[in-house]
Amino acid sequence: MSGINLLPWREAARKKSQQQFVMSVVGALAVGAAVVAGGYTYMEGQISYQNERNAYIDKEIKRLDKVLAEIKTLDANRKALLDRIAVIERLQSTRPGIVHLFDEMVNALPKGLYLTKLQQTNDKIKLEGKAESSARVSSYMNRLNSSPWLSSSDLNTISIDTKNKNKAGYSNLRYFSLNVTQLLKSGEDKEQDNGN
């Protein structure tokens, strides 16, 4: 029995086992390093991709801000044009009104009465003049009220002309001031008036 030596076999098995352990630790470290490197590379790629997307979104936001500014400018221009069109349409619809105004004022004017001043603010007209009697002023107001283009005559003042007295010392003229409202008709009303 002295010829069998078991010591070197155990030592060789121990060395082999140690080598396998070292190899497995090195392999595990290599795999871990590869996983960490792969994860790092993947995350860097995702961050780079997200940064590119953010840059694209910022660029699109700036472009859309310019478009919105242009749209606001166009809306302001559109509103200004619509306001101008409304003014022009209103002027066009009331254009015959001044002709009818003067025509009605002349047709309603009775003998013995004349106007010295006419002032118009929007659809309100202030008339001043002289008349031979208060009855003529009343007649003039009634004629104005019966006009299809004028209404609401309202007498402000009537007074005697003290400067121009006749030989007997009496004044024949009365100063008067009255307000009248001009009736502005729409296009349909005008057509009906023209048809009559």
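The values are calculated or read from the model by the stated rules, or taken from the named source; none is laboratory data. As the structure is a computational prediction, the values presented were derived from the model and not from experiment. No Cβ is skipped: glycine too gets one built from the backbone with ideal geometry, and neighbour counts run over all protein chains shown.
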Given (1) assigned by TED's automatic domain parsing to the domain that holds Phe176; (2) within 27 Å of Arg174 (Cα to Cα); (3) not small (Gly, Ala, Ser), identify the lone condition not met by Glu104. (1)
Within region 93-117, considering residues that are at pLDDT 80 or above and among the hydroxyl-bearing types (Ser, Thr, Tyr), the one farthest from Ser146 (Cα to Cα): Thr116
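Any idea which of Asn156, Asn194, Asn164, Asn142 is surrounded by fewer than 17 Cβ atoms within 10 Å (Cβ to Cβ) and modelled with pLDDT of 80 or more? Even if it seems obvious, please write down each step before you answer.
Numbers: Asn156 fails: modelled with pLDDT of 80 or more; Asn194 fails: modelled with pLDDT of 80 or more; Asn164 fails: modelled with pLDDT of 80 or more.
Testing whether each residue is surrounded by fewer than 17 Cβ atoms within 10 Å (Cβ to Cβ) and modelled with pLDDT of 80 or more leaves just Asn142.
Checking the conditions here, which among Arg78, Arg136, Arg90 is of a type in the set (Lys, Arg) and either within 30 Å of Leu173 (Cα to Cα) or surrounded by 13 or more Cβ atoms within 10 Å (Cβ to Cβ) (or both)? Lay out the reasoning, then the answer.
On the way: Arg78 fails: either within 30 Å of Leu173 (Cα to Cα) or surrounded by 13 or more Cβ atoms within 10 Å (Cβ to Cβ) (or both); Arg90 fails: either within 30 Å of Leu173 (Cα to Cα) or surrounded by 13 or more Cβ atoms within 10 Å (Cβ to Cβ) (or both).
On inspection, the qualifying residue turns out to be Arg136.
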Tell me which of these Lys117 doesn't satisfy, since it passes every other one: (1) under 40 Å from the mean Cα position of the chain (by Cα); (2) of a type in the set (D, E, K, R); (3) under 14 Å from Asn179 (Cβ atoms). (1)
The lone condition Gly129 fails out of (1) in contact with a Leu (Cβ under 6 Å, 6 or more places away or on another chain); (2) assigned to a helix (DSSP H, G or I) is (2)
